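This report refers to the structure that appears directly beneath it.
The values are calculated or read from the model by the stated rules, or taken from the named source; none is laboratory data. Keep in mind that what you see is a predicted model, and the values were worked out from it rather than measured. Backbone-built Cβ (ideal geometry, glycine too); neighbour counts: all protein chains shown.
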Amino acid sequence: MTAPGHPVSVFQFLDARKFMAAAFEFEKARNPVFSHRYVAMGIGAKSSGFFKDVLNGRIRLSPARAMKVARIFKLSKEETDYFETLVLFTQAETAEEKEHYLAKMTGGPLARRHIVLEAFQLEYFKHWHYAAVREMLAIHDFQGDYTRLAALLEPPITPEEAMDAVQLLLKLKLIRKNAQGRLKRADKVVSSGAQSDPERIKPAIRDNLALAQRALDAYPAAVRPFSYLTLSVSETSLVPIREKLGRLRQELLEIVAADQQVDRLYQVNFQMFPLSKSMTTVKPTKTGKAP
């Protein structure tokens, strides 16, 4: 794949205007010449306020000008393809159009089997077992036995928790009854969306970290391949690393979306966090030695 061309990752956005605003602020911070007028001139607009109007949603960005914006921000071929579709997705006026362009951005076997949760649906991330129950309904012929459904999970939950999960999933329309009246998933893949409030999904992240800690002792290495890396990086190298992780996550989703013989649940966690302060933010002591 082509290496990312801009430090602000377009792949982390589901709104073209928010990406352009973030990329613009990044460029402006390191180059005073970079202004709304500069971008407007670069895309051939007569008005110096054209780009500002695009960011505010007052003016639509044509495909030709979207390509010019991609050049101004020095996007790679892969990023440009995504950005051009993202512009069409952002400016789409109907649900059908939105679904069409979202499928194009998602791509591969995942297309049309992927749902990005709305804000009110983020209660789904309150507990780990909500997602687990939803996935279990894809492989378990559930007929109302909440005790068995609860016992199938590892670690097991209570029948009351299983019932609560089913009721929530029905309310959020993340499961539905099929033609035989059995409860099944409404879509194969669920995402919080790139622009969701990270505070809302923290409970699920904490739960999954606790599950990982339990799995470290509960399972042999053959079924829980754990590993870690301690890396020396720069701000520049962080960008492609984040992109690699994002693409790997997408590839894993595509694999399971195409799987027609699922028979178990697995949890895959991605963590990357600072292990030191930046060397540029910690000033040396007067003697140059540690205090």
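Could you list, in sequence order, the residues of segment 9-34 that are of a type in the set (Val, Ile, Thr) and surrounded by 15 or more Cβ atoms within 10 Å (Cβ to Cβ)? First the steps, then the outcome.
Of the residues in segment 9-34, the ones of a type in the set (Val, Ile, Thr) are 10, 33.
10 - this is the single residue of segment 9-34 that is of a type in the set (Val, Ile, Thr) and surrounded by 15 or more Cβ atoms within 10 Å (Cβ to Cβ).
Just to verify a result, which residue in segment 227-272, among those that are assigned to a helix (DSSP H, G or I) and in contact with a helix residue (DSSP H, G or I) (Cβ under 7 Å, 6 or more places away or on another chain), is farthest from residue 202 (Cα to Cα)? Quick ask: steps written out before the conclusion?
Residues of segment 227-272 assigned to a helix (DSSP H, G or I): 235-258.
Still in the list and also in contact with a helix residue (DSSP H, G or I) (Cβ under 7 Å, 6 or more places away or on another chain): 243, 246, 253-254, 257-258.
Working: 243: 21, 246: 18, 253: 21, 254: 25, 257: 25, 258: 29 Å.
Per the stated criteria, the residue is 258.
Would you call residue 230 out of contact with any strand residue (DSSP E or B) (no Cβ under 8 Å at 6 or more places or on another chain), farther than 27 Å from residue 185 by Cβ and at pLDDT 80 or above? Spell out how you get there, then give the answer.
Details: out of contact with any strand residue (DSSP E or B) (no Cβ under 8 Å at 6 or more places or on another chain): yes; farther than 27 Å from residue 185 by Cβ: yes; at pLDDT 80 or above: yes.
Considered against the rule, which asks whether it is out of contact with any strand residue (DSSP E or B) (no Cβ under 8 Å at 6 or more places or on another chain), farther than 27 Å from residue 185 by Cβ and at pLDDT 80 or above, residue 230 comes out as yes.
Condition check for residue 104 on (1) surrounded by fewer than 19 Cβ atoms within 10 Å (Cβ to Cβ); (2) modelled with pLDDT of 85 or more: one failure, at (2). Just one of the listed residues (247, 224, 264) is at pLDDT 85 or above, among the basic types (Lys, Arg) and surrounded by 12 or more Cβ atoms within 10 Å (Cβ to Cβ), and it is 224. Within segment 130-140, identify whether any single residue is surrounded by 20 or more Cβ atoms within 10 Å (Cβ to Cβ) and of a type in the set (Phe, Trp, Tyr), and answer yes or no. So far as segment 130-140 goes, yes, one or more of its residues are surrounded by 20 or more Cβ atoms within 10 Å (Cβ to Cβ) and of a type in the set (Phe, Trp, Tyr). Residues in segment 155-170 that are surrounded by fewer than 15 Cβ atoms within 10 Å (Cβ to Cβ) and either closer than 11 Å to residue 130 by Cβ or acidic (Asp, Glu) (or both): 160, 167.
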